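Student: I have a structure here, written as structure tokens, and I will follow up with some questions on it.
The values are calculated or read from the model by the stated rules, or taken from the named source; none is laboratory data. Keep in mind the model is a prediction, meaning the values are calculated, not measured. Please note: Cβ atoms are built from the backbone with ideal geometry, for glycine as well, and neighbour counts cover all protein chains shown.
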Amino acid sequence: MNQSLQTHQLNPYAIQLCTLGRWITQRQWLPCGSGLFSVRTSEHSALFTAADKDKSELSPADLVSYHWANPNERDTATAIHQFLYQLKPQHKVVLQTHDLQATVFSRLIKADQHLFVGYELQQQVAATAAQRSCCPLAILDPQSTELTLQELHQRFERETLAYAFLIRGHGLYVWGDSIDSAKRHLETWQFLIACELERIKASALLN
């Protein structure tokens, strides 16, 4: 057996990432083999899910090792994962999903962020004390890889993101210091986004 493949199959984080992929797929947050998951393996590398692989069928053999010094051209999603890992060593897991509600929400909201107020569960994703009462979700426009990374750098320079951001029509990104925390952040943001969509619809009917 290939030594790298054997290492992946014995890596407990790889196994947990595959299990998480099946859990997320069951919630229909990953249509058409979309999305990208990764787990940090060292200061300069991570394991990534293979492109277009059905996440309900993931096994450790489907994970690809990627090193920051890799000369191959990166797609935007991979570059964003790498950016988040290089930003802080505490970032251990990054997830990108493409569910219906987050996609619609990202196209509906025209501002560069949306404020979530009055939800008890927003405490689960609050990165600062202030975000417990008013929690912003950053929303970016789709751009080239270089411009996207520049904007992310600027956002992180001026504010603390609440473990997530949206790119309009291009997915929800969340991260955490463990697989469990990334899962919790993802599930929380999915719930909050769904609540806001329902609130917006109800407000339109009442007005």
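Student: So residue 112 passes all but one of these: (1) at pLDDT 95 or above; (2) surrounded by fewer than 12 Cβ atoms within 10 Å (Cβ to Cβ). Which condition number does it fail?
Tutor: (2)
Student: For residue 163, which of the numbered conditions (1) modelled with pLDDT under 95; (2) surrounded by 20 or more Cβ atoms within 10 Å (Cβ to Cβ); (3) of a type outside the set (S, T, N, Q) fails to hold?
Tutor: (1)
Student: What number of residues within the range 129-161 are in a loop (DSSP other than H, G, I, E, B), more than 16 Å from residue 82 (Cβ to Cβ) and in contact with a Ser or Thr (Cβ under 8 Å, 6 or more places away or on another chain)?
Tutor: We begin by selecting, within the range 129-161, every residue in a loop (DSSP other than H, G, I, E, B); these are 129, 133, 141-144, 159-161.
Subset that is more than 16 Å from residue 82 (Cβ to Cβ): 129, 133, 141-143, 159-161.
If we keep only those that are in contact with a Ser or Thr (Cβ under 8 Å, 6 or more places away or on another chain) as well, we get 142, 160.
Adding up the residues that qualify gives 2.
Student: Turning to a different aspect of this structure: Run residue 105 past the list (1) in a helix (DSSP H, G or I); (2) within 25 Å of residue 18 (Cβ to Cβ) and report the number of the one that doesn't hold.
Tutor: Tallying (1) in a helix (DSSP H, G or I); (2) within 25 Å of residue 18 (Cβ to Cβ), residue 105 fails exactly one: (2).
Student: Of the conditions (1) farther than 22 Å from residue 145 by Cα; (2) part of a helix (DSSP H, G or I); (3) of a type in the set (A, V, I, L, M), residue 126 fails just one. Which one is it?
Tutor: Result: residue 126 fails condition (2) only.
Student: Check the range 156-164 and report whether any residue there is closer than 12 Å to residue 125 by Cα, free of Cβ contacts under 8 Å to residues at least 60 places away in the same chain and in contact with a Leu (Cβ under 7 Å, 6 or more places away or on another chain). Can you show your working first?
Tutor: From the range 156-164, those closer than 12 Å to residue 125 by Cα are 160-164; that's our starting set.
Filter again for free of Cβ contacts under 8 Å to residues at least 60 places away in the same chain, leaving 160-164.
Okay, now just the ones that are also in contact with a Leu (Cβ under 7 Å, 6 or more places away or on another chain), so 162, 164.
The answer is yes, given that some residue of the range 156-164 is closer than 12 Å to residue 125 by Cα, free of Cβ contacts under 8 Å to residues at least 60 places away in the same chain and in contact with a Leu (Cβ under 7 Å, 6 or more places away or on another chain).
Student: Please list, ordered by first then second residue, the pairs with beta carbon atoms under 6 Å, 6 or more apart or interchain, first in the range 57-72 and closer than 20 Å to residue 18 by Cα and touching a residue at least 40 places away in the same chain (Cβ under 8 Å), second basic (Lys, Arg) and surrounded by 15 or more Cβ atoms within 10 Å (Cβ to Cβ).
Tutor: 62/53
Student: Another one. Does the range 188-203 contain any residue that is in contact (Cβ under 8 Å) with a residue 60 or more places away in the chain, within 18 Å of residue 87 (Cβ to Cβ), of a type in the set (D, E, K, R) and in contact with a His (Cβ under 8 Å, 6 or more places away or on another chain)?
Tutor: The answer is no; no qualifying residue exists.
Student: So, in the range 162-189, of the ones that are in a helix (DSSP H, G or I) and touching a strand residue (DSSP E or B) at 6+ places or on another chain (Cβ under 8 Å), which residue ends up farthest from residue 132 (Cα to Cα)?
Tutor: For the range 162-189, the residue satisfying everything is 179.
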